[in-house]
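The values are calculated or read from the model by the stated rules, or taken from the named source; none is laboratory data. Note that the coordinates shown come from a computational prediction; the quantities given were computed from them, not determined experimentally. Every residue, glycine as well, gets a Cβ built from its backbone with ideal geometry; the counts of neighbours run over all protein chains shown. SASA here: full protein model, heavy atoms, side chains in, ligands and nucleic acids out. Shrake-Rupley method; radii C 1.70, N 1.55, O 1.52, S 1.80 Å.
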Amino acid sequence: FSLAHPYGIKRIMSSYDYQDTHQGPPADSEGNIISPGIDATGNCTNGWICEHRWHAISSMVDFMGIVDNESISSWWDNGKNQIAFSRGSKAFVVFNLDNYDMKNVIIKTSMKEGLYCDIISGTKTSETSCSGELLEVKYDGSVSVYLSKDDPNGVLAIHVGQEIQLA
């Protein structure tokens, strides 16, 4: 949410795995902090978690850069824990932290008509394909959203530059 919303100073911090609250960062036998390693899949090793490398986080950092100086528009909420908003005409984000699914909820956006790749669940792999969910913004700016209460991220996000052309 903090990367989607214009308020505040953004900070992305990574952490390490620990077994008790008094444990420090990964260190060698002499107490020197061990640097994170990166395995073949791009995940951190040596006891580090590296949240900044997670796809959803790094994609939202890109999102933040694209929407810089764009205000919030087209705010929608269900009065509880489901919200959505646009950042100008450049991006749109939906959050579901409720205990029930958002099933085909029609939400008005400020985005132009098109088919967009959700940057949280995947990546635009070519001009005609996406490895994640697709959201279609209709001619009137509306989008039909399905977001499960069990979605591991609880968020969908699209922005300009992630348009998919139908082949």
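Of note:
- Among residues other than R87 with Cβ under 10 Å from its Cβ, the summed charge is -1 (Lys and Arg +1, Asp and Glu -1).
- Count Lys and Arg as plus one, Asp and Glu as minus one, and take only other residues whose Cβ is under 12 Å from that of H5; the net charge is then +1.
- Of the solvent-accessible surface of the chain, computed with a 1.4 Å probe and all protein chains present, 51% belongs to carbon and sulfur.
- Taking θ as phi - 60° and the Karplus parameters 6.51, -1.76 and 1.60, the scalar couplings of segment 109-115 work out to 10, 9, 7, 7, 3, x, 9 Hz in sequence order, x denoting glycine and proline.
- Between C130, C44, C117, the residue with the greatest mean-square fluctuation in the GNM of the chain (Cα pairs under 10 Å linked by springs) is C44.
- Amide H to amide H distances under 5 Å link I38 with T45, where only residues 5 or more positions off or on other chains count and H is placed in the peptide plane.
- In the chain, helical runs assigned H by DSSP with n ≥ 4 each contribute -39500 (n - 2.57); averaged across all residues and rounded to the nearest 500, the mean residue ellipticity at 222 nm is -2000 deg cm²/dmol.
- For the chain, built as a Gaussian network whose Cα springs stay under 10 Å, the top-fluctuating residue of N32, N104, N81: N32
- Of the chymotrypsin sites (Phe, Trp or Tyr not before Pro) in segment 68-101, those whose Cβ has at most 15 other Cβ within 10 Å and which sit in DSSP loop: Y100
- Magnitude of the charge dipole for the chain, about its Cα centre and with charges confined to Cβ atoms of Lys, Arg (+1) and Asp, Glu (-1), is about 560 debye.
- Build a GNM of the chain with springs between Cα atoms under 10 Å apart, and of D62, D140, D20 the one that fluctuates most is D20.
- In order along segment 154-166, phi translates into HN-Hα couplings of x, 8, 10, 8, 10, 7, 4, x, 10, 6, 10, 8, 6 Hz, rounded to whole numbers, per the Karplus curve 6.51 cos²θ - 1.76 cosθ + 1.60 with θ = phi - 60° and x for Gly and Pro.
- Hz values of 3J(HN,Hα) by residue in segment 27-32 - Karplus curve (6.51, -1.76, 1.60), Gly and Pro given as x: 9, 7, 5, 9, x, 7
- Entry for Rg and Dmax of the Cα atoms in Å (calculated from the structure that is shown) out of (i) 18.5, 63; (ii) 18.0, 59; (iii) 22.7, 69: (i)
- Solvent exposure ordering (accessible area, 1.4 Å, most first) of V67, V160: V160, V67
- Distant-in-sequence amide contacts of C130, defined by a placed amide H-H separation under 5 Å and a gap of 5 or more residues or a different chain, comprise T125.
- Per residue accessible area of the chain, 1.4 Å probe, in Å²: 59
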